[in-house]
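Below is one structure, written out as structure tokens; comments come after it.
No value in this document is a laboratory result; all are computed from the given coordinates. Owing to the predicted nature of the structure, the values given are computational and were not obtained by experimental measurement. Quick reminder, even Gly has a Cβ in these numbers, built from the backbone with ideal geometry, and neighbours come from all protein chains shown.
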Amino acid sequence: MKTKWLKLALAVLMATAAILFTQTSFAQSAPKEKIAVVVSTLNNPWFVVLGETAKARAIELGYDATIFDSQNDTAKEAANFENIIASGYKAILFNPTDANGSIANVEKAKAAGIPVFCIDREINSTNAATCQMLSDSYAGCVKLGQYFVKTVGKDGEYAELLGIVGDNNTWNRSKGFHSVVDRFPGLKMVAQQSGEFDRAKGLEVMESILQAHPDIKAVFCGNDSMAMGAYQALVAAGKDKQVKVFGFDGADDVVKSIAEGKIVATGMQFPKTMARKSAEFADEYIKGKHDFPQKVPVPVELVTQENVGKYGDYGKKQ
Amino acid sequence: MSRIAASLVAIVIIAVVCWLFPLFYVVPLKTATAEKTAATFNATQFAENFWTNQLLVSLDKAVPAEKLLPAIQSDAAAAKKKFSRSVGLSENYFYFLRGEGKIIFVSDDEISLAITENSTNAEIVLETGLVFGDAVRDGTGLLNANDYANSQDFNDISAALNHIVETRVLPKLREQAKVGAKISFVGCAEVDDEPTDLKPLKVIPIQTEIQ
């Protein structure tokens, strides 16, 4: 009798172990859900940090994550979206190339049931993306404009390097800056040209501006890549002590240049914060939460030679 | 002959189709410009309507300074939680407040007020210089970024509201402010750096009255 009970207990134990083993094996072999990270360009270290951080956070949260580079080209971005939609991704963390041109791509993903979380750059629609996490570029450039007047003074000629003209960030930064600087009639903008958020283009545009306006006192650049390009042009022309350079982004090389007294100030965006938070929102969406605010502004902080010690590695030091 | 007739019939058909479904319209330049302007968001007009029809009728929603200041004094974090509002992931926050006080100092850009009875310290500073930033737009909670597809429009509202403060509120205030006078005010304060922005609290005035 005892043997019979022992046999039965052993059988139950073995069956339970078998079920558990099967379930574990199944869970281990089940493919992970996928999240796509679509970045406007990987030709700029700031966007590389944005994309890599989003990918890393998605992986931490248990997903397979892949970065797609749109190379600042809406057509390439559209092709990336076609590929993503066809490949069964569960969410897209998206840094758009164009505020208007990218809307159709987001709408296609939405129609396919894939939520899109915009990071840093905006699309001009409030019902296509699930959520847009955007740097408050305007407020950041109001602060930069105030610091510009404080350090450059209320008189003198200056130039502005704009970003990509189709991007809202370009104009939010420019308008924030001008909402302050234009109040001082002694400050005269003698040149305003697009450097397309690109370092080489920024250098090239700065060289031509210096030829036409050799007496400028400062240059405001819509991002840090252009600020580095402009600074390079100023060094080559022997004018790096005469012309004060202001950037925007909080890129590591510019933060270091501020510490070395080469560049005057930048606006620190927080790409890692935005990327991580967007990945977490996507995870929450996949797990069932569907109500997100359409726009989540992320603050921008002024980095100057006085407070540069607090910043580094694309954010604030802990 | 039949070829000519066929051609004529084809021309007539094409003419009718073009009449019914014109390939293009000729629009006078003036009309086209007017239509384009109408389609563009007019921040100045929006701010004007908002100021008159929403903001000025909501001033009673501002927290009384006699409640806010002691709350900040005893526990700034608790006061922030109870009375402030912030936007997105921002650590900055705003107070929408009203109160009465005595003018104790006047400079080109500031008017300092003592709020507590018998106080001689500046507890509130009304900013009377150039107005920058988003305190007036974001401080009241009456406007929401989610309602604007293009953030440029939302930012233009900020500049337009600041312009109204500069042109409508500040000139009269600067003209009438005298040390010793009693003043009532409603305004918005942005707190970016607590040690410098809370003591005293720096307020952009929306409405003031000197008694």
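Annotations for the structure displayed:
- Residue among A:141, A:118 that is touching a strand residue (DSSP E or B) at 6+ places or on another chain (Cβ under 7 Å) and over 30 Å from residue A:187 (Cα atoms): A:118
- You will find that of A:158, A:138, the residue that is touching an Asp or Glu at 6+ places or on another chain (Cβ under 9 Å) and among the aromatic types (Phe, Trp, Tyr) is A:138 and no other.
- For the stretch B:131-165, a residue qualifies if it is farther than 22 Å from residue A:127 by Cβ, touching a strand residue (DSSP E or B) at 6+ places or on another chain (Cβ under 6 Å) and among the polar types (S, T, N, Q), and exactly one does: B:140.
- Matching residues in the stretch B:146-203 - criterion: being assigned to a strand (DSSP E or B), within 14 Å of chain A (Cβ to nearest Cβ) and of a type in the set (Val, Ile, Thr): B:191
For (1) crowded, with 23+ Cβ neighbours inside 10 Å; (2) within 17 Å of the chain's Cα centre (by Cα); (3) in a loop (DSSP other than H, G, I, E, B); (4) more than 9 Å from chain B (Cβ to nearest Cβ), each residue gets a yes or a no:
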position	(1), (2), (3), (4)
A:128	no, no, yes, yes
A:138	yes, yes, no, no
A:141	yes, yes, no, yes
A:144	yes, no, no, yes
A:151	no, no, no, yes
A:159	yes, no, no, yes
A:166	no, yes, yes, yes
A:170	no, yes, no, yes
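- If the condition is being over 18 Å from residue B:186 (Cα atoms) and in contact (Cβ under 8 Å) with a residue 24 or more places away in the chain, then the stretch B:89-103 contributes only B:92.
- The number of residues in the stretch B:80-112 that are touching a Phe, Trp or Tyr at 6+ places or on another chain (Cβ under 8 Å), in a strand (DSSP E or B) and hydroxyl-bearing (Ser, Thr, Tyr) comes to 2.
- Among the residues of the stretch A:281-315, those that are more than 10 Å from chain B (Cβ to nearest Cβ) and touching a Lys or Arg at 6+ places or on another chain (Cβ under 7 Å) comprise A:286, A:310, A:311, A:314, A:315.
- Residues in the stretch A:44-94 that are touching a helix residue (DSSP H, G or I) at 6+ places or on another chain (Cβ under 6 Å), closer than 23 Å to residue A:248 by Cβ and not in a helix (DSSP H, G or I): A:44, A:70, A:93.
- Screening A:174, A:179 for residues that are more than 8 Å from every other protein chain (Cβ to nearest Cβ), more than 15 Å from residue A:265 (Cβ to Cβ) and part of a helix (DSSP H, G or I) leaves exactly one candidate, A:174.
- Some residue of the stretch A:302-311 being under 23 Å from residue A:40 (Cα atoms) and in contact (Cβ under 8 Å) with a residue 12 or more places away in the chain: no
- Checking each residue of the stretch B:102-121 against the condition of being closer than 19 Å to residue B:56 by Cβ and either more than 14 Å from every other protein chain (Cβ to nearest Cβ) or surrounded by fewer than 21 Cβ atoms within 10 Å (Cβ to Cβ) (or both) gives no match.
- Test: residue B:67 is without any contact (Cβ under 8 Å) to a residue 24 or more places away in the chain, closer than 29 Å to residue A:277 by Cβ and not small (Gly, Ala, Ser): no
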